[in-house]
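For reference, the structure is listed below as structure tokens.
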Amino acid sequence: MPASSRSASGLGSAPAVVTLAAAVALLTLLPILVVLGQAAAGGVAEARDYLLRPRIAELLAHTGWLMLLTVPLATVLGVGAAWLVERTDLPLASTWRTLMLAPLAVPAFVSSYAWISWQPGLVGLGGAVLVTTLSYFPFVFLPVAALLRTLDAGEEEVARSLGVGPVGTFARTVLPRLRPAISGGALLVALHLLAEYGVLEMMRYQTFTTAILQQYAVGFSDVRGSLLASVLLVLCLVVLTLEVAARGRARVSRLGSGAGARALPQPLGRWTVPSLLGLALVVALAVVVPVTMVLRWLLAGTSQSGAAGLPADLLWVTLSTLGLALGGGLLAVLLGLPGAVLLDRSRSWLATALERTTFVASALPGVVVALALVTLSVRWAPALYQTVPLILLAYAILFLPRAMVALRSGLAAAPPELSEAARALGAGGFGVLGRVVLPLAAPSVLAGFVLVALAISTELTATLLLAPTGTQTLALAFWGASDELDYAAAAPYAAVMIALSVPLTVMLRRQIVTAGAEAPTRGDAAADDPAARHTRDVLELVER
Amino acid sequence: MSPTLSRRTLLAGLLASPFVLNACSKGEEYVPDPEKLQIYSSQHQNVTEAWAKAFTEATGIETQVRAGKDSSMGHQIVQEGDASPADVFLTENSPAMTVVERAGLLAPVDEATIGQVREGMAPSSGLWTAIAARSTVLIYNPSKITEAELPQSMMDLADPAWDGRWGCAPGGADFQAIVAGMLADRGEAETTAWLEGLERGATVYQNNIATMKAVNAGEVPVGIMYHYYWYRDQAGDKAGSGNTQLHYFGNQDPGAFVSLSAGGVLAGSDKAEQAQQFLAFVTGPEGQEILATSKSMEYAVGVDVESDPALPPLDGLDAPPVDPFTLNSDQVTDLMTDAGIL
């Protein structure tokens, strides 16, 4: 269908939708503007004196070493595991697929708590690399596994028939086509590392994010904090640009939708046992250790008094966490709606600008968003500082890109022809949206809503700065106790966070399994092929 | 999943969430009630709440507490300026109060209130008063170091001989108050040199408790911290301090610095009289008794009020004579920034 007929369906070009979408886009850019503005407010001399000193070089070096070690390690681990699970005759592949995603159910800062309470000497770079690699490699595994499932095996068969060995075949035909998934996954790992606070604070390994939190404790929302945050923003944008370059422009899939060949599983032979042992080791380190330690401390805290040993406020804290999570998820979905409609129904320059804005916003670390909102509210709207609406806004800005992905794939399920028919029958613009489009988009939208809510329920950094006075969340209560090294008191909150995150793993597993099965409902004028588009969606779903 | 089912689930989920949210956040969020006395407090929450409750019982004046952390709350009040809803500000360490004081946002404390606390426990400016006190101590692990090997002065720790053998938590307001005391007592040159020694040789921990537990575990032989974390742990199961002892420097050493928790009335308060009443209550016999028996293990500062019997007497600590008014946390932050610690 020509693009013109799509924008003619009306909704995408309705002034209200355009205005709302533009307003939301500006809102997501607001943290960047505030932080840069506040940093500039100190003047060039202050910026130079503060930033050009050994301490900043040390923070840069720390951040750099962490990225240099964790990103490649997580990538190798993720790609290797994905290949074993999706392309070989590995026994119990389906179980391993779940297990490789299970680390996502353990928030990274809970994992570092478990490790450090078991091995207190594990501080500094070594501990930070260990925990972040184990926590983040699923970000690579997920998109690579999804893409491997959809990848046409034809090229591999040709390579094999020409006498190339299995390793060579993988390296020369599969790996190049995995480029978008690998670079996308590596991007996520890198962005997470830049934004990580809990793990690094616990490991006593200082990076920009921990330094920003420290500067906040010393000087509140002062110029220095914003200067540090500006450097962090620049690092995020550099990573984003590198990824765009690394992804490449080469086409990675076949043209047209001929019958794709399902790959024949590569026999592992004598490598079966080592492969199984390797995967088992990863699961042991990434899942068994954290869960065992949480249970151990949970038992230590409750062994004498049973359930009475649980904190009295556990239920209350869980409920208020869920309340914030649902509220934030709802707000993110609502704020994402105008943009998603605009992107789905029109291809104007505005839509393109919006798409890029969302892309940039997806790289925003929680600490930057929170610092900007603190600065903004204390200066201009003191009544909003430390209120529920403000923290919900922070969550919505942080997770808007993720909500947008879900909304867009949902809207794709509601073809414009239906909207046009409804209009012909006399329905108004919002009537069409409410009665035709949204009901069809509901499953995807709901999935997006749940994903965002789950992410919020374990959010730590922005919550530390913006939590309404007196409000306790699971992450805050956990952090308060573990910060005092009171491991037993922290365990119940950790256990609830893990329990809440299990559905996340299940939902993401479905993303791999349905890969390829999900044919696009209609041709997309943007001409993305389904595999690449699916990869991108999977990547964006796990963001943060 | 049938579309009908998911549509219903979606609708139910979306409609229910704001209600869940409301149910969960009601009464928690800070919305200043103009009828109530607004207490901004970075002092220990249980102590603050005990004071507020007893004050309301004694006077009928209703209060509302907003909890925060020393430095950030001090700066928050400054940024809120005259519009700040705060009537009273209570801190853990006085430098957070001097931030507000320097911004010209404090009203003089009633002389009768200052008369209730011990000599030297209020700044020369008269703009705030001590409400509690804590002492700097050296914690050590006797299995790693003998008493005879301990440093004579906290200043000695900057000596290269101590590199890698001591720990502290310089990122926190607690420690920054100690450095502010050193700065007021010994001047900028000595403090700068000491901070350089810290940057080079100290193992940095997140907070006092982490420092204490590290010494307890033998990671470092000695650490600098405040006394009350140790006494609280000793009063409990001793899990974090069982292997350790405290050493008091005394001798008016910077390491014997006594940090004052401060209380002040905001100049912009529209309840100035009740705010003064609250400070008078906190520093009076009843308020100080609440503190002394709160198990917070902080020192009471009221005239003739005894602190917890486990603590060595406050008057015998031989702390350096420092006018708390001169404690300058901004300068400390700058020095620590220059030294590369922050």
Shape call for chain B, from the Cα gyration tensor axes a ≥ b ≥ c (a/c under 1.5 means rounded, otherwise prolate when a/b beats b/c, else oblate), comes out oblate
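By count of other Cβ within 10 Å, fewest leading, how are B:K238, B:K69 ordered?
Neighbour counts put them in this order, fewest first: B:K238, B:K69.
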Expected sort for A:L237, A:L446 with the fewest Cβ neighbours (10 Å cutoff) up front is A:L237, A:L446
Compute the Cα gyration tensor for the range A:1-134, then decide on rounded, prolate or oblate, letting a ≥ b ≥ c be the square roots of its eigenvalues: rounded whenever a/c is under 1.5, prolate when a/b is larger than b/c in the other cases, and oblate in all that remain.
oblate
Charged-residue dipole, Cβ positions (Lys, Arg, Asp, Glu), the protein assembly as shown about Cα centre, Debye nearest 20
5400 debye
Taking amide H positions as placed in the peptide plane 1.01 Å from N, state which residues far from B:E62 in sequence (5 or more) or on other chains have amide H under 5 Å from it.
B:L37
Amide H contacts under 5 Å for A:Q266, placed H, 5+ residues apart:
A:T88, A:D89
Filtered hits (lysines, Cα-Cα < 26 Å from B:K53, offset >= 8 within chain) -> B:K26, B:K36, B:K69, B:K271, B:K295
Which residue, B:S94, B:Q274, A:Y136, has the largest displacement toward the positive end of the dipole of the protein assembly as shown when charges sit on each Cβ (Lys, Arg +1; Asp, Glu -1)?
A:Y136
Measure nothing but the geometry: give the 0 to 90° angle between the long axis through the Cα atoms of B:173-186 and the longest principal axis through the Cα atoms of chain B, rounded to 10°.
40 degrees
³J(HN,Hα) computed for each position of the range A:21-38 - Karplus, 6.51 cos²θ - 1.76 cosθ + 1.60, integer Hz, glycine/proline x
4, 5, 5, 5, 4, 4, 4, 6, 8, 3, x, 5, 5, 5, 5, 5, x, 5
Return a whole-number percent for the relative contact order of the range B:53-140, with Cα pairs under 8 Å and 6 or more residues apart as the contact set.
19 percent
Averaged over A:479-487, number of beta-carbon atoms from partner chains that fall within 10 Å
3
With +1 on each Lys and Arg Cβ and -1 on each Asp and Glu Cβ, and nothing else charged, work out how big the dipole of the range B:48-146 is about its Cα centre, in Debye to the nearest 20.
560 debye
With unit charges on the beta carbons (Lys and Arg positive, Asp and Glu negative) and the dipole taken about the Cα centre of the protein assembly as shown, which residue among A:L279, B:P151, A:V123 sits farthest to the positive side?
A:L279
Angle check, please: helix B:70-80 long axis (alpha carbons) against the longest principal axis of chain B (alpha carbons), in degrees 0 to 90, nearest 10.
50 degrees
Checked the protein assembly as shown against the a/c 1.5 cut and the a/b vs b/c comparison, axes a ≥ b ≥ c from its Cα gyration tensor; verdict prolate
Using a Cα-Cα cut-off of under 19 Å, which lysines could be cross-linked to B:K144, ignoring same-chain neighbours fewer than 8 residues away?
B:K213, B:K238
Name the residues whose placed amide hydrogens come within less than 5 Å of the amide hydrogen of B:M225, ignoring near sequence neighbours (fewer than 5 apart) on the same chain.
B:V137, B:I139
For chain B, take the longest principal axis of its alpha carbons; what is the angle in degrees between that and the long axis of helix B:188-201, to the nearest 10 within 0 to 90?
80 degrees
Ranked by GNM mean-square fluctuation in chain B (Cα springs under 10 Å), the top entry among B:S294, B:S42, B:S261 is B:S294
Which one, A:P443, A:P416, A:A491, is farthest towards the positive end of the dipole of the range A:374-504 when Lys and Arg carry +1 and Asp and Glu -1 on their Cβ?
A:P416
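Any read-out appearing in this document is the output of simple, stated calculations on the displayed coordinates, not a laboratory observation. What you are looking at is a predicted structure, and each value in this text was computed from that prediction instead of being measured. Here the Cβ is made from the backbone with ideal geometry for all residues, glycine too, and neighbour counts use every protein chain on show.
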